[in-house]
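Okay, structure first, notes after.
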């Protein structure tokens, strides 16, 4: 849903993608010493490409919703075999295909030789090809774990939870956190481990080894108990969809695969949170747009102090898509936040206290922290607004999202 405009798409072949920056501000809570948390320039993964299939011969029937994660995996394996057969002239192999998509995009990511790339570019059954790009976060300084490990602190309700009218009611729906994973056994989170998945390789786990995804999950649904934080929709079921490793590094194709998995398994009124983004990718945009027909999306606007229309997936428009800018506890604009007509709502994103990896807690900042406030509100029902943010640089103040 875009309150202020409708996005017009254009093809850009290369995605420069980054996890949304985590700025930090002084606070009474433990804070990541991360004034240097910036993201290294994205680079093309040598020989890796995202191929969108053009089904001109009507070989692909629409896939049914996956009743279990295992059903989804079988669907993807069947598609992989089909693509190998379909493109046998290009000598595509199952080993060369690294990701397969079927519920949002029809296509795959693969490691290709120059000759294979040439053959696929000239094939009418190929709709588009994009380079697969890396995403990589620079290391944290100091001890980023905050209260990680040891005894849990006494419970407090973060200002952001209160500002958006949350903290009292769990949702009957599911929050899908497409991120660095989630701490699967965090005592302050209700994580559905059975449905959680990683798209980083066969031996990877959805357990968070970075902290970012766990922080997002806590803002959405940290339990209302005697410890730590309280989420906007406390106790709501969280599913970890891990697309970033312990260094905050991943790939465009992995993010698309995560979106595809969510679309295959989610139910109506579930919400997916994507606190990540970067440059423009038509493939990623189209995957999110297609998935939004099945559930709602909360998207971080980005932290480049730039127009959000220049970034994917923040720029995507749809009835179930909400792009979120950031403000502080005084409703003042966060200087790092992206802005513009792509943004639907503003939410707290400065010095946000929430859960962290290793059973811990932390306070960090960014539109990454604003988006899950909106996800929590969306899980509780249709959003309303309570005033507008002060100092919006585009001159058209974003409404502050509220339950």
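The values are calculated or read from the model by the stated rules, or taken from the named source; none is laboratory data. All figures in this text were calculated on a predicted structure; none of them were measured in a lab. Every residue, glycine as well, gets a Cβ built from its backbone with ideal geometry; the counts of neighbours run over all protein chains shown.
Quick notes on this structure:
- When 253, 204 are screened for being assigned to a loop (DSSP other than H, G, I, E, B), in contact with a strand residue (DSSP E or B) (Cβ under 7 Å, 6 or more places away or on another chain), touching a residue at least 12 places away in the same chain (Cβ under 8 Å) and more than 26 Å from residue 164 (Cβ to Cβ), only 204 passes.
- Where residue 55 falls short, out of the listed (1) under 23 Å from the mean Cα position of the chain (by Cα); (2) at pLDDT 50 or above; (3) part of a loop (DSSP other than H, G, I, E, B): (1)
- Test for residue 308: is it more than 13 Å from the chain's Cα centre (by Cα) and more than 26 Å from residue 246 (Cα to Cα): yes
- Hey, residue 99 farther than 15 Å from residue 125 by Cβ, assigned to a helix (DSSP H, G or I) and at pLDDT 95 or above or not: no
- Taken over the stretch 94-128, the criterion of being more than 21 Å from residue 44 (Cα to Cα) and exposed (fewer than 13 other Cβ atoms within 10 Å of the Cβ) is satisfied by 94, 122, 124.
- Checked against the criterion of being farther than 27 Å from residue 234 by Cβ and touching a residue at least 40 places away in the same chain (Cβ under 8 Å), the stretch 374-383 contains not a single residue that satisfies it.
- Residues in the stretch 271-296 that are in contact with a helix residue (DSSP H, G or I) (Cβ under 8 Å, 6 or more places away or on another chain), in a loop (DSSP other than H, G, I, E, B) and closer than 20 Å to residue 373 by Cα: 275, 295.
- Of all residues making up the stretch 44-67, the number that are touching a helix residue (DSSP H, G or I) at 6+ places or on another chain (Cβ under 9 Å) and without any contact (Cβ under 8 Å) to a residue 24 or more places away in the chain: 2
- Checked across the stretch 73-86, the condition of being touching a residue at least 40 places away in the same chain (Cβ under 8 Å) and either exposed (fewer than 15 other Cβ atoms within 10 Å of the Cβ) or within 21 Å of residue 241 (Cα to Cα) (or both) holds for at least one residue.
- 2 or more residues touching a helix residue (DSSP H, G or I) at 6+ places or on another chain (Cβ under 7 Å), surrounded by 24 or more Cβ atoms within 10 Å (Cβ to Cβ) and at pLDDT 95 or above: qualifying strands (runs of 3 or more DSSP E) within the stretch 298-403: 321-327, 345-348, 352-356
- Test: residue in the stretch 216-231 that is at pLDDT 95 or above, at positive phi and buried (at least 24 other Cβ atoms within 10 Å of the Cβ): yes
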